[in-house]
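**Q** Take a look at the following structure, please.
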Amino acid sequence: QVQLVESGGGLVQPGGSLRLSCAASGIIFDMYIMGWYRQAPGKQRELVATITSGGITDYADSVKGRFTISRDNAKNTVTLQMNSLKPEDTAAYYCNALLIRDMLYNYWGQGTQVTVSS
C-alpha cells in the first residue's frame, strides 16, 4: 500500500520559518514528481511547489523566493522549507506523488496544519 506521511506543521509568528517533511512508501519514489499543495478553509486546494526526480522545481508565484522544495531519493523524502511566513500562508499542507505512464498514479498524504499568527 502507498503511504505519504507529512510532518513538521505547527504555529509560527509572521516572519518565522517552518520545515515540512513527507516520507513516502509503497512507490518507486524516483519515478514520481513530488509536490506540496495547500488548502485554507473555504478555499480551493492550490499548488505550492513541485520537484522532479532530477531536481527541476516549480513554485506558485505567491511563495517564490520564500519557500524551497527539495527531495532525497535515497531516503524517499521530500521537504518544504518555508521562510518569511505570512498569515496568508495559513493552511493545511498536503504531500503529493504523481506519475503518468500507461495509467495516472496520483497519491496524497493526510495533511499537516500550518498556522501563521501573532
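The values are calculated or read from the model by the stated rules, or taken from the named source; none is laboratory data. The structure presented is a predicted model; accordingly, all values stated were derived computationally and were not measured. Virtual Cβ from ideal backbone geometry, glycine too; neighbours counted across all protein chains shown. All accessible areas refer to the heavy atoms of the entire protein, side chains included, with ligands and DNA or RNA removed. Shrake-Rupley method; radii C 1.70, N 1.55, O 1.52, S 1.80 Å.
**Q** Scan ALA92, ALA49, ALA23, ALA74 and give me the residue that is open to solvent by 30 Å² or more (accessible area, probe 1.4 Å) and not in a loop (DSSP other than H, G, I, E, B).
**A** Working: ALA92 fails: open to solvent by 30 Å² or more (accessible area, probe 1.4 Å); ALA49 fails: open to solvent by 30 Å² or more (accessible area, probe 1.4 Å); ALA74 fails: not in a loop (DSSP other than H, G, I, E, B).
When all the criteria are applied, what remains is ALA23.
**Q** Go through (1) at pLDDT 95 or above; (2) open to solvent by 60 Å² or more (accessible area, probe 1.4 Å) and name the single condition ARG101 misses.
**A** The number of the failed condition is (1).
**Q** Also, I was wondering about something else. List the residue pairs whose Cβ atoms are under 7 Å apart, where the first residue sits in segment 66-92 and is over 18 Å from GLY10 (Cβ atoms), the second is open to solvent by 40 Å² or more (accessible area, probe 1.4 Å) and aliphatic (A, V, I, L, M), and the two are 6 or more positions apart or on different chains.
**A** Matching pairs, first to second residue: ASN76/ALA23; THR77/ALA23.
**Q** What number of residues within segment 29-46 are open to solvent by 20 Å² or more (accessible area, probe 1.4 Å) and either among the basic types (Lys, Arg) or under 22 Å from ASN83 (Cβ atoms) (or both)?
**A** Looking only at that region, the number is 6.
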